[in-house]
Amino acid sequence: MSRPTLPGPRADLAPTPSQTVGPFYGYALPFLGGGDIAPAGHPETVTLHGYVLDGAGTPVPDAVIEVWQPAPDGSRDGAPGSMRRDPVDGAFIGRNGLVFTGFGRVDTDADGHFAVRTLPPGGVPYVSLAVFARGLLHHLYTRAYLHDASGLTTDPLLAALPAERRATLVTTPERAGVHRFDIRLQGDAPHEETVFLDFG
Amino acid sequence: MTTPLTQGDITAEIHEAHQRYAGHLTAGGPVRPHPDRDYAPYRSSVLRHPKRPLLPTGDPEAVELTGPVFGVTDVTELDSDLVRQHPGEPLGERITVTGRVLDRSGRPVRGQLVEIWQANASGRYAHQRDQHPAPLDPNFTGVGRCLTDDQGVYSFVTVKPGAYPWRNHTNAWRPAHIHFSLFGSAFAQRLITQMYFPGDPLFAYDPILQSVTDDAARDRLVATYDHDLSTPEWSLGYRWDIVLDGPSATWIEEGR
Ligand SMILES: [Fe+3]
């Protein structure tokens, strides 16, 4: 079977440049239940949390973290309903408690901390993260590899990294079901800078 | 105690960065459509950019080549009309902003979420940390959302935002702009950016706009006034098309 021929990038279509999210997204982007990716009360829920830190080791209180991941069954189709709304008054009412949308969005607290509750992804050992913040002219991609996920030791991206770089992508176990994942936007000796990814 | 930075200091740094980029092009370097993450004239970037190069990932199975989806449960009818979200009419110049969202091969980005936020006509955000002593408008919040249609078209009715001061340096003012957040069919096509209005005298002074050192790329952040989009006795029309960047592997995924 031959592959369909697909259009490549067109020379006359140059991309729209990125700009910073700035400091005032707070009343526009975060939404109620943005971090509650796992259906409420699901027994396999894991909490992924940490601090976003700058090059001086100072917590970043105005960052947005987005999460995208496969469902536990490995589906990457996602589903609507992350930002479910009340048709009466337009308010955010949280997810419907049934559908796994695979998407989450949270902003950091005043102390630079973020937390999401999700289900372990199927088929891959990581959840994908995008980081936006005042001062970041172009967002950053990274991955939180769950320390207890199967496939961790055979992951090609992790395997190609030296140990100290690899460590920045793997969560640290806290109590059961709680994964710590700090994001260092810039190295702060002796702390290693988080590995950020380029998808081309 | 350090002397406060003046506009002259920042303008000189902006000029130097443009000169460096021109030298890069002259030396045969590739066009850089996006701002550098390390752009010192925007002081907040200094401690918030990675110093190591990004790790290139060409994995065709990467999760980031797929992306979240949104639907009718995620938007309401009033979301795209920012002048109807309160009992009264907001102050300011009523405008329509519309355009197409395309991927780099020119295909429309269909059914995807576009989010906007902006200051009111006086240059004030409905945000507690915005301390600019310009009036808040009880009839304007400045948040909008819509899904692109089958041609990739988005559309908002709003008011033209005002310029506002910020504290990057002494007498720093942002040109009027609307913040945009967009999703493509891949998480790796994600874009957050800002739309500007044609002919704004503040362009040259603003390190955020000038962080895009490529002249043609910077021009793409400026909307076009389109008289045909203006509605008689109602609103002025601006057109702004958006092209999402992203990995070539996403071209394989048809549909959506
Ligand atoms: Fe702004």
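The values are calculated or read from the model by the stated rules, or taken from the named source; none is laboratory data. Fair warning: this is a prediction, and the values are worked out from it, not measured in the lab. For neighbour counting, all protein chains shown are included, and Cβ atoms are generated from backbone atoms with ideal geometry for every residue, glycine included. Surface areas here come from the heavy atoms of the whole protein model, side chains and all, with no ligands, DNA or RNA. Shrake-Rupley method; radii C 1.70, N 1.55, O 1.52, S 1.80 Å.
A quick yes/no check of all residues on (1) under 28 Å from A:His138 (Cβ atoms); (2) surrounded by fewer than 23 Cβ atoms within 10 Å (Cβ to Cβ):
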site: A:His49; (1), (2): yes, yes
site: A:Thr58; (1), (2): yes, yes
site: A:Pro61; (1), (2): yes, yes
site: A:Gln69; (1), (2): yes, no
site: A:Ser75; (1), (2): no, yes
site: A:Pro87; (1), (2): no, yes
site: A:Leu98; (1), (2): no, yes
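Taking the condition of being in contact with a helix residue (DSSP H, G or I) (Cβ under 7 Å, 6 or more places away or on another chain) and under 12 Å from B:Thr73 (Cβ atoms), how many residues in the range A:63-94 meet it?
The first filter runs over the range A:63-94 and keeps only residues in contact with a helix residue (DSSP H, G or I) (Cβ under 7 Å, 6 or more places away or on another chain), leaving A:64, A:68-70, A:76, A:90.
Cutting the leftovers down to under 12 Å from B:Thr73 (Cβ atoms) gives us none.
Here the count works out to 0.
If you go through the range B:26-41 one residue at a time, do you hit one that is crowded, with 20+ Cβ neighbours inside 10 Å and assigned to a helix (DSSP H, G or I)?
For the range B:26-41, residues crowded, with 20+ Cβ neighbours inside 10 Å and assigned to a helix (DSSP H, G or I): absent.
Close Cβ contacts (under 9 Å, 6 or more residues apart or on different chains) running from residues in the range B:182-208 that are facing another protein chain (nearest Cβ under 9 Å) and among the hydrophobic types (A, V, I, L, M, F, W, C) to residues that are part of a loop (DSSP other than H, G, I, E, B) and open to solvent by 30 Å² or more (accessible area, probe 1.4 Å) comprise B:Ala186/B:Glu253; B:Ala188/A:Gly200; B:Ala188/B:Asp245; B:Leu191/B:Asp245; B:Ile192/A:His138.
Candidates in the range B:180-194 are the residues that are assigned to a loop (DSSP other than H, G, I, E, B) and in contact with a strand residue (DSSP E or B) (Cβ under 7 Å, 6 or more places away or on another chain); of these, the one that is surrounded by the most Cβ atoms within 10 Å (Cβ to Cβ) is B:Phe183. I'd like the residue in the range B:163-179 that is open to solvent by less than 10 Å² (accessible area, probe 1.4 Å) and within 11 Å of the ligand (Cβ to nearest atom) and, out of all such residues, is farthest from the other protein chains (Cβ to nearest Cβ). Across the range B:163-179, the extreme among qualifying residues is B:Ala176.
With respect to the stated conditions, B:Pro50 fails to be within 23 Å of B:Leu221 (Cβ to Cβ) and in a loop (DSSP other than H, G, I, E, B).
Would you be able to say whether some residue in the range B:195-211 is among the charged types (D, E, K, R), away from the ligand (no atom under 16 Å from the Cβ), open to solvent by less than 40 Å² (accessible area, probe 1.4 Å) and in a loop (DSSP other than H, G, I, E, B)? Scanning the range B:195-211, I find no residue that is among the charged types (D, E, K, R), away from the ligand (no atom under 16 Å from the Cβ), open to solvent by less than 40 Å² (accessible area, probe 1.4 Å) and in a loop (DSSP other than H, G, I, E, B), so the answer is no. In summary, B:Thr250 fulfils each of the numbered conditions (1) in a helix (DSSP H, G or I); (2) at pLDDT 95 or above; (3) touching a helix residue (DSSP H, G or I) at 6+ places or on another chain (Cβ under 9 Å); (4) not hydrophobic (A, V, I, L, M, F, W, C) with the single exception of condition (2).
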